[in-house]
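Notes follow once the structure below has been shown.
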Amino acid sequence: MKITIIGGGGIRTVNFINGLLDRCRKLSIDQVVLFDIDKEKLAVIEKLAKHVVKKKSYEKGEAEPLLLVSKEDDIRIALTGADYIVTTLRVGGDHARVMDETIALSHGVIGQETTGAGGFSMACRSIGALLSYCELAKEVAPKAWIFNFTNPSGLVTQTLLDAGFTNVIGICDAPSSTKTRIAEGLGLSEDELYTEFFGLNHLSWISSVKAGGKERIAELIKDTAFLNSVQEFSMFDPESFALTGYLPNEYLYYYYHREKALRNISSSGQTRGQLIEEVNMKMFQELSGMDIDHDPEAALQTFLYYIYIREYSYMSIETGTDRGRDIKKGSLEVPSGMGYAGVMLDCIEGLQSETEKKLVLSVPNHGAIPFLSDTDIIEITCDVSINGIQPVKIENIPMHCEILIRQVKAYENKASRAIREKSIPLAIDALTLHPLVFSFSLAKDLVYAYEKEYGSLF
C-alpha cells in the first residue's frame, strides 16, 4: 500500500517515517512518496528519511529496507494509486507565519498560527492549494483516505468537507500528547487510562479520565501536584478548572488567559513563528553545507538537534516559561513517530481492524454534540474500526463550553464559506465572530492588512 505526503519536505516527515517503520508490515504499507514544491528541502528530507529506513532496517536484522521512500516532482504521479494521502502544507513558508502573527499583534490581538486571526490568514492561503490537490486525488486515487495535518486543522477540514470531500480526517496531536502526559502524571501506562475529549480543534475539553473503570476527573482538577506535573495543565490558573469541571486543551490558554498570552508574546521580542523561522533557517543552512550522502548520520544528528530545540521551546513564549534543556548532538534519537503521525497510523490500524480503537479525530459531528449540525467538523473521541469512524455522544455539556463551541463553530462555518466564495465581506463577518477578535472594525482592519501583505487574501 502507498502513502503520499503532500508537503513531504516538512520536518515532520522524518519522524513520520521512523514511526511507520515499526508498523508498516502490520499495516501493509510498503511505499511512501514525498511531494513538495520546495525542491531543496525535499531533497534533504528524502535523504534523511532514507537513512532512517536503512538504519532501522539494519537494527531489526532486515536484509532489505522495510519501506521504499522516494520523492516525486510530478504531483499527479505522486498521488496516482495512493491508498492514504497526508496533507501538511505551509503556503508561503515560515515567513508567512511570521507575518500572520506580527500583523495580528500590531492590531492588539493574539498572534498565533492556528487560533484567531493568524489561523484565519493561514487557512485563507492554504485551502485553495488543498482543494486543487483533493480534486486531483479524486481523479487518480479515488479510494484514498486523506489525513489533513494542515493547520488550523478544524477549519481546513471543515472547508474541505463543505467543498464535497467526505474522505478527509483532521489530525491533531494535542489530545494524544496530553493523554500521554496524564498517564505519566498518574504513574500509569496509556493502556490503563481512558480519556474522553470533545469540542473543536484547539478548543476542546477532557470530560472523562478513567483508570480501572473509576472516574477520576473530579479529583484531578483539584489535585495541584498532578496539575503541575502535566505541562498542558500547569500553565493554567488552577481555579479556572472550576469553570467546567473538566480539564482543558492547552490552546484554551489563549481564551482563559488572553491578556497574559498577549502580554508575554508582545514583551518577549519574538513570536513563536519568528523562533521557528530562525531555527529552521539555521538547520537547513547547516544541512546544506554537509555531505549527507557521505555521512548521513552526522546530518541526522544535526537535524535532530534543531528538532529538539523546537520541541523544548513549545508554548514557552506564550506562557512566559523556560523549558530549555541541554541538547547535545551525537546520540540523539529520532522521535518514535507519535504525535500527528502516531494518530494517523492508529487510525489506519483501526480502519483495518474489527477491534475498535479509541482515537481523538476531527470528523463530522453526526449527532455527537447535540446542539451542532451533523456536518459540523468537531474534535472528539471516536470509535474507529473496519466499520468506520463513529464519534462518541456527549451528554450534559456545560453552558460555558457550549457558548464557546457555538461561537467558534459559527466563525469556522462562515470562514469556510468566505474562503470557498473568495468573499472579503464574508471574511470580515467571520473574523468578527471569533472570540479573540469580536469586533467588526478590528476584523475589517485585519482582513485588509492581510490582503495588503499577500496581495490577495485567498
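Observations on the model:
- The sole residue among E277, E239, E250 that is surrounded by 20 or more Cβ atoms within 10 Å (Cβ to Cβ), among the acidic types (D, E) and either in contact (Cβ under 8 Å) with a residue 60 or more places away in the chain or out of contact with any helix residue (DSSP H, G or I) (no Cβ under 9 Å at 6 or more places or on another chain) (or both) is E250.
- Test result for S441, in a helix (DSSP H, G or I), under 21 Å from the mean Cα position of the chain (by Cα) and farther than 21 Å from L20 by Cβ: no
- Looking only at region 71-122, and only at residues there that are aliphatic (A, V, I, L, M), within 25 Å of Y255 (Cα to Cα) and touching an Asp or Glu at 6+ places or on another chain (Cβ under 9 Å), the one that is surrounded by the fewest Cβ atoms within 10 Å (Cβ to Cβ): M99
- Verdict on K222 being more than 21 Å from H434 (Cα to Cα) and either at pLDDT below 95 or over 26 Å from the mean Cα position of the chain (by Cα) (or both): yes
- Residue that is among the small types (G, A, S), surrounded by fewer than 22 Cβ atoms within 10 Å (Cβ to Cβ) and out of contact with any Gly (no Cβ under 7 Å at 6 or more places or on another chain), where the choices are A137, A183: A183
- Exactly one residue out of S176, S207 is under 17 Å from P391 (Cβ atoms) and at pLDDT 95 or above: that is S207.
- Meets criteria (of a type outside the set (S, T, N, Q), out of contact with any Pro (no Cβ under 6 Å at 6 or more places or on another chain) and not in a helix (DSSP H, G or I)) for I169: yes
- Being touching a strand residue (DSSP E or B) at 6+ places or on another chain (Cβ under 8 Å) and either buried (at least 22 other Cβ atoms within 10 Å of the Cβ) or closer than 23 Å to E333 by Cα (or both) holds for only one residue in L21, L34, L48, and it is L34.
- Criterion (acidic (D, E), modelled with pLDDT under 95 and in contact with a helix residue (DSSP H, G or I) (Cβ under 9 Å, 6 or more places away or on another chain)) met by exactly one of E139, E101, E113: E113
- Selection from region 183-205 of residues that are free of Cβ contacts under 8 Å to residues at least 60 places away in the same chain, under 26 Å from R12 (Cα atoms) and out of contact with any strand residue (DSSP E or B) (no Cβ under 6 Å at 6 or more places or on another chain): E184, S189, E190, D191
- So A123, is it without any contact (Cβ under 8 Å) to a residue 40 or more places away in the chain, among the small types (G, A, S) and either under 30 Å from Y448 (Cα atoms) or not in a helix (DSSP H, G or I) (or both): no
Per-residue answers, yes or no, for (1) charged (D, E, K, R); (2) under 30 Å from L345 (Cβ atoms); (3) modelled with pLDDT of 95 or more; (4) touching an Asp or Glu at 6+ places or on another chain (Cβ under 8 Å):
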site: N365; (1), (2), (3), (4): no, yes, yes, yes
site: F371; (1), (2), (3), (4): no, no, yes, yes
site: I378; (1), (2), (3), (4): no, yes, yes, no
site: I397; (1), (2), (3), (4): no, no, yes, no
site: I403; (1), (2), (3), (4): no, no, yes, no
site: R406; (1), (2), (3), (4): yes, no, yes, no
site: R417; (1), (2), (3), (4): yes, no, yes, yes
site: L431; (1), (2), (3), (4): no, no, yes, no
site: L436; (1), (2), (3), (4): no, no, yes, no
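- 1 or more residues of a type outside the set (A, V, I, L, M), surrounded by 14 or more Cβ atoms within 10 Å (Cβ to Cβ) and touching a Lys or Arg at 6+ places or on another chain (Cβ under 9 Å): qualifying strands (runs of 3 or more DSSP E) within region 345-428: 377-385
Residue-wise test of (1) assigned to a helix (DSSP H, G or I); (2) more than 21 Å from A117 (Cα to Cα); (3) among the charged types (D, E, K, R); (4) touching a Gly at 6+ places or on another chain (Cβ under 7 Å).
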position	(1), (2), (3), (4)
K222	no, yes, yes, no
A225	yes, yes, no, no
F233	yes, yes, no, no
E239	yes, yes, yes, no
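- Count of residues meeting criterion [among the polar types (S, T, N, Q) and more than 16 Å from G8 (Cβ to Cβ)] in region 135-155: 2
- Considering S288, S313, the condition of being among the small types (G, A, S) and within 20 Å of the chain's Cα centre (by Cα) is satisfied by S313 alone.
- Residue in region 246-256 that is within 24 Å of G339 (Cα to Cα) and of a type in the set (D, E, K, R) present: yes
- Flag if E259 is out of contact with any helix residue (DSSP H, G or I) (no Cβ under 9 Å at 6 or more places or on another chain), more than 21 Å from Q112 (Cα to Cα) and not hydroxyl-bearing (S, T, Y): no
For (1) in contact with a helix residue (DSSP H, G or I) (Cβ under 9 Å, 6 or more places away or on another chain); (2) in contact (Cβ under 8 Å) with a residue 40 or more places away in the chain; (3) over 24 Å from M122 (Cα atoms), each residue gets a yes or a no:
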position: V334; (1), (2), (3): yes, yes, yes
position: G342; (1), (2), (3): yes, yes, yes
position: V363; (1), (2), (3): yes, yes, no
position: I369; (1), (2), (3): yes, yes, yes
position: I386; (1), (2), (3): yes, no, yes
position: V392; (1), (2), (3): no, yes, yes
position: Q407; (1), (2), (3): yes, no, no
position: S416; (1), (2), (3): yes, yes, no
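- Region 429-458: number of residues that are of a type in the set (K, R) and surrounded by 15 or more Cβ atoms within 10 Å (Cβ to Cβ): 1
The values are calculated or read from the model by the stated rules, or taken from the named source; none is laboratory data. What you are looking at is a predicted structure, and each value in this text was computed from that prediction instead of being measured. Because the Cβ atoms are built from the backbone with ideal geometry, glycine has one as well, and the counts that use them run over all protein chains shown.
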